[in-house]
Amino acid sequence: MSQRWNDLLFAHWPVPPEQLAPLIPPQLVVDTYDGEAWVGVVPFWIDRIELRGMPQVPGIDHFPELNLRTYVRERDTNSYGVFFFSLDAANALAVAMARALFHLPYYWARIKIEPQEDRSFLYKSERLLSPHPVRFQARYRGLGPTLPQSCPGTIEYFLTERYCLYTTNRHGELLRGNIHHSTWLLEKAEAEIRINDLPAAHGIRLPDTAPLLHYSREMAVYIWTLELAYAMAAGARAPLSAAEPL
C-alpha cells in the first residue's frame, strides 16, 4: 500500500522505560535514547492512498489521523521499529479496514484540521464511541527552513527514521510490517497543545515538561503486508491470511 502523510507534528516526551515496559508485547523491549524512552503524539492527514492490485476504495482517499506511539526493539533480533498504543482516524471505513488487515489499535474519531492565516494548523480530535473523553487539541506550525538531514546517533534519527511497525494478532503473536520512505525533511516547530487526553487514556503519564517538537510538510510512504516477526527472523516469508499482498 502507498500513501502520503501531510503536515505532521512530532511532539515527543521522555519517560522512564520501566513505565512503558508493561504496556508493550512481551516479545518487544522499549528502545531508549540516553536512557530515556520516548512517547510521541503525531497529528497529520493522509491522502493518495492506493492498495496494490485493487481499485481505489471510495471514501478513504484522504482523512486526518492522530497516533500515540513509542519506539521498540525485538527481544530476539534487536530489530527496531514503532509500536502504536492508538491510532485515531476520522474515517470509519478506514478504521475498520486497518483493524482487520493490520491488527492495529485504530479508533474512530471526529477530527478537524484547519489551516490558519499564519501557516499554522488548528487540529481538534475527539474519539467517538469511547466511554471516557479522549481528546486532542493543538495549534502548530513548522518554523523552517528544514533542519540538516538527521544521521544515526541524533535524537531526530532515533524518533523518526523507523522503517517497520509492530503489533500483535488476536493470538498474541508478534507481527511486523515493513515501511519504506525517504529520509524525513524536518523543521523546528512550535505548538500550543491545549488538550491531550491520549497518553492517560492508555495508561501513560507524561512529564510536566514541554515536548520536543518537529514538523514535516509531507512524506510518501510504502507499507508492506504484515508478517509473523519470528518467521521473518528465520528468513522465511509468512504472509498472514488476514492481510493480502498490498
Exercise for review: Mind jotting down a quarter of the surface of the convex hull over the alpha carbons of the chain, in square nanometres, one decimal?
Suggested key: 13.3
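Pulled fully out, how much extra length does the chain show between LEU143 and ASP118, if you take 0.36 nm times their separation in residues and subtract their Cα-Cα distance?
Values: separation 25, 0.36 × 25 = 9.00 nm, distance 1.10 nm.
Full extension from LEU143 to ASP118 adds 7.9 nm.
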Practice item. Determine, for LYS112, LYS124, the number of other Cβ atoms within 10 Å of each Cβ, and report the residues in order from fewest to most. Key: LYS112, LYS124
Point to revise | Where trypsin sites (Lys or Arg not before Pro) fall in DSSP loop in the stretch 24-84, at most 14 other Cβ within 10 Å | key: ARG52, ARG75
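Within 10 Å of each residue's Cβ, count the other Cβ atoms and sort THR70, THR167 from fewest upward. All intermediate terms of the calculation are to be shown ahead of the outcome.
On the way: THR70 22, THR167 19.
Result, fewest neighbours first: THR167, THR70.
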Point to revise | Span from the the stretch 60-104 Cα centroid across to the the stretch 121-164 one, whole angstrom | key: 14
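Any idea what the dipole of the chain comes to, in debye rounded to 20, about its Cα centre with Lys/Arg Cβ at +1 and Asp/Glu Cβ at -1?
Details: 23 positive and 27 negative charges, 87 e Å.
Using only the charged Cβ atoms, the result is roughly 420 debye.
Rounded if a/c is under 1.5, else prolate if a/b beats b/c, else oblate: with a ≥ b ≥ c from the C-alpha gyration tensor eigenvalues square-rooted, which is the stretch 123-207? If you can, show how the numbers build up before the last one.
Numbers: a/c = 2.35, a/b = 1.14, b/c = 2.07.
Here the stretch 123-207 falls in the oblate category.
Summing +1 for each Lys or Arg and -1 for each Asp or Glu, what net charge is found among the other residues whose Cβ lies under 13 Å from the Cβ of VAL29? Don't skip to the end; give the middle numbers.
Working: positive: ARG73, ARG75; negative: GLU18, ASP31, GLU74, ASP76.
After counting each charged neighbour, the total is -2.
For the stretch 88-205, what is the relative contact order in percent, using Cα pairs closer than 8 Å and at least 6 residues apart in sequence? Walk me through the intermediate numbers first.
On the way: 183 pairs, mean separation 27.1, N = 118.
Reported relative contact order: 23 percent.
What does the helix-only formula give at 222 nm for the chain: each DSSP H stretch with n ≥ 4 adding -39500 (n - 2.57), the total divided by the residues, and the result rounded to the nearest 500 deg cm²/dmol?
Values: 5 runs with 30 residues, N = 246.
Result for the chain: -3000 deg cm²/dmol, rounded to the nearest 500.
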Practice item. Please identify every one of the GluC sites (Glu not before Pro) in the stretch 63-165 that sits in a loop by DSSP and has no more than 16 other beta carbons within 10 Å of its own beta carbon. Key: GLU117, GLU161
Exercise for review: Starting from the Cα-Cα distance between HIS202 and GLN19, subtract it from 0.36 nm times their residue separation and give me the gain in nm to one decimal.
Suggested key: 64.7 nm
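A short reminder: the numbers here are calculations on the coordinates, not readings from a lab. Given the structure is predicted, the values throughout are model-derived calculations rather than measurements. Heads up, the Cβs are rebuilt from the backbone with ideal geometry, glycines too, and the neighbour counts pull from every protein chain shown.
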